[in-house]
Structure formats: C-alpha cells, structure tokens
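The values are calculated or read from the model by the stated rules, or taken from the named source; none is laboratory data. Everything numeric in this text was worked out from a predicted model, so none of it was measured. In this analysis, Cβ positions are derived from the backbone assuming ideal geometry, glycine residues included, and neighbour counts consider all displayed protein chains. The area values use the complete protein model at the heavy-atom level, side chains included, leaving out ligands, DNA and RNA. Shrake-Rupley method; radii C 1.70, N 1.55, O 1.52, S 1.80 Å.
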Amino acid sequence: MAADELRALSDRADIGDVLHRYFRGVDRRDWDLVRDCFFADAHNDYAPFYQGGVDEFMQFLADPAGFGLFDRTFHFAGNQLIELDGDTAKTETYAVAQHTSAADAGNPTRNFLIVWLRYLDRFERRDGRWAIADRRIEVDWIRNDTGGGWMDVPGQAPR
C-alpha cells in the first residue's frame, strides 16, 4: 500500500474518532471532551436551536433552558462519508439522537425526543490535529413522546 493511501486511512480514522468522541462527550456530559472536538474558532449551526461559536455552544449545552434541559441523551452514529482534500475534509454523518427530560412542575410526565439528523462538518488538520472547523446539522425528522412508563436501571452507565 502506498504512503498516501496509508495517510488517507489514518486521516479517516482520526476524523471518525473525533466524531465518536463528540457523541460520547455529549452523552456523558463531558464538556471538555466535547470542546476538544472543535477548534477554538469553529462555528456551529444547529438551526433552529443554536448558531454561533464554540464558547457559546458549550454554554448552550449546559444551559437548562437549552440542551441542558435533557437529563439523558444517547447518540447513535450511522453512515459516515469522509471526503479528504489535503489538510481539510468534508464529512456527512447520519445519526439518531435520543433525549429525555425529567418530569417537573411544568411537565408532569417524562419527555422523550428522538431526532434523526445529519452532521455536516468541515474538518481541518492544524498542527497535526484533526478537529471540526465548521458544523451544520440537517434535521430530517423529529419524534416527541411523553409518558411515564420509563424504567431506570440503577447503577448503570453514567449520565
């Protein structure tokens, strides 16, 4: 195998790892891990939910009026296309993101939101490190359910 083919395989693996670390970080509320997936000057377009820079995005994730209203999330990554072009890459990653929010005084039943979406990212390699320079999501559809038939499994995965 030629050196450029090995480099392409390595780049694809590195980019895929960044995407999987992002999902893990969000689901485990590991905001340092999430932040590390982006360059400091990256832009996020999660319209209609959020648009802006990384610092503000991190605040949105933790904000109880934003993404922080969810007490649990679970992202499942599917098809992934990575188009390399030197030190840049465009990616499209299909995902199913499941979110729950606890019952409270304003919402007496648990809410369950499932979002089918695609992450459209522009990656760059800077100083040997691949990270997201620009992200846009495309939401394909959303399902929102409420109910009280949830079972919590004590002592299982951290939230």
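Results for (1) basic (Lys, Arg); (2) assigned to a helix (DSSP H, G or I); (3) open to solvent by 30 Å² or more (accessible area, probe 1.4 Å); (4) closer than 29 Å to Arg72 by Cβ, shown as yes or no for each residue.
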| site | (1), (2), (3), (4) |
| --- | --- |
| Met1 | no, no, yes, no |
| Gly16 | no, yes, no, yes |
| Leu19 | no, yes, no, yes |
| Ala40 | no, no, yes, yes |
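Select from the stretch 100-129 the residues that are out of contact with any Lys or Arg (no Cβ under 9 Å at 6 or more places or on another chain) and not in a strand (DSSP E or B) and write down the one among them that is modelled with the lowest pLDDT.
The extreme case among them is Ala105.
Among the candidates Asp85, Asp11, single out the residue that is more than 14 Å from the chain's Cα centre (by Cα) and crowded, with 18+ Cβ neighbours inside 10 Å.
Asp11
Go through (1) open to solvent by less than 50 Å² (accessible area, probe 1.4 Å); (2) at pLDDT below 95 one by one and return the number of the condition Thr93 breaks.
(2) is the only condition that Thr93 fails.
Could you say whether any residue in the stretch 91-99 is in contact with a strand residue (DSSP E or B) (Cβ under 9 Å, 6 or more places away or on another chain), assigned to a loop (DSSP other than H, G, I, E, B) and within 15 Å of Ile132 (Cβ to Cβ)?
No; the residues of the stretch 91-99 include none that is in contact with a strand residue (DSSP E or B) (Cβ under 9 Å, 6 or more places away or on another chain), assigned to a loop (DSSP other than H, G, I, E, B) and within 15 Å of Ile132 (Cβ to Cβ).
Mind checking which residues of the stretch 65-82 are touching a Ser or Thr at 6+ places or on another chain (Cβ under 8 Å), surrounded by fewer than 11 Cβ atoms within 10 Å (Cβ to Cβ) and among the small types (Gly, Ala, Ser)?
Gly78
Does Pro154 meet the test of being modelled with pLDDT under 90, farther than 14 Å from Phe74 by Cα, open to solvent by 50 Å² or more (accessible area, probe 1.4 Å) and part of a loop (DSSP other than H, G, I, E, B)? Steps first, please.
Values: modelled with pLDDT under 90: yes; farther than 14 Å from Phe74 by Cα: yes; open to solvent by 50 Å² or more (accessible area, probe 1.4 Å): yes; part of a loop (DSSP other than H, G, I, E, B): yes.
In short, yes.
Determine whether Arg72 is farther than 23 Å from Arg129 by Cβ and either touching a strand residue (DSSP E or B) at 6+ places or on another chain (Cβ under 8 Å) or not polar (S, T, N, Q) (or both). Can you show your working first?
Numbers: farther than 23 Å from Arg129 by Cβ: yes; either touching a strand residue (DSSP E or B) at 6+ places or on another chain (Cβ under 8 Å) or not polar (S, T, N, Q) (or both): yes.
Against the criterion (farther than 23 Å from Arg129 by Cβ and either touching a strand residue (DSSP E or B) at 6+ places or on another chain (Cβ under 8 Å) or not polar (S, T, N, Q) (or both)), Arg72 qualifies.
Scan Ile132, Ile142 and give me the residue that is open to solvent by less than 70 Å² (accessible area, probe 1.4 Å), of a type in the set (Val, Ile, Thr) and either modelled with pLDDT under 80 or part of a strand (DSSP E or B) (or both). Don't jump to the end; show me each part of the working.
Values: Ile142 fails: open to solvent by less than 70 Å² (accessible area, probe 1.4 Å).
Selected residue: Ile132, the only one of Ile132, Ile142 that is open to solvent by less than 70 Å² (accessible area, probe 1.4 Å), of a type in the set (Val, Ile, Thr) and either modelled with pLDDT under 80 or part of a strand (DSSP E or B) (or both).
Which of the residues that make up the stretch 25-38 are surrounded by 14 or more Cβ atoms within 10 Å (Cβ to Cβ) and at negative phi?
Taking the stretch 25-38 first, the residues surrounded by 14 or more Cβ atoms within 10 Å (Cβ to Cβ) are 25-31, 33-38.
Selection gives Gly25, Val26, Asp27, Arg28, Asp30, Trp31, Leu33, Val34, Arg35, Asp36, Cys37, Phe38.
Here is a list of conditions, (1) more than 22 Å from Arg126 (Cα to Cα); (2) of a type outside the set (Val, Ile, Thr); (3) in contact with a His (Cβ under 7 Å, 6 or more places away or on another chain); (4) surrounded by fewer than 18 Cβ atoms within 10 Å (Cβ to Cβ), and Ala62 meets all of them except one; can you say which number that is?
Among (1) more than 22 Å from Arg126 (Cα to Cα); (2) of a type outside the set (Val, Ile, Thr); (3) in contact with a His (Cβ under 7 Å, 6 or more places away or on another chain); (4) surrounded by fewer than 18 Cβ atoms within 10 Å (Cβ to Cβ), the lone unmet condition for Ala62 is (3).
Scan the stretch 48-56 and give yes if some residue there is closer than 30 Å to Leu6 by Cβ and open to solvent by 70 Å² or more (accessible area, probe 1.4 Å), otherwise no.
no
Would you call Phe60 at pLDDT below 95, at negative phi and assigned to a helix (DSSP H, G or I)? Talk me through it step by step, then tell me what you get.
Details: at pLDDT below 95: yes; at negative phi: yes; assigned to a helix (DSSP H, G or I): yes.
In short, yes.
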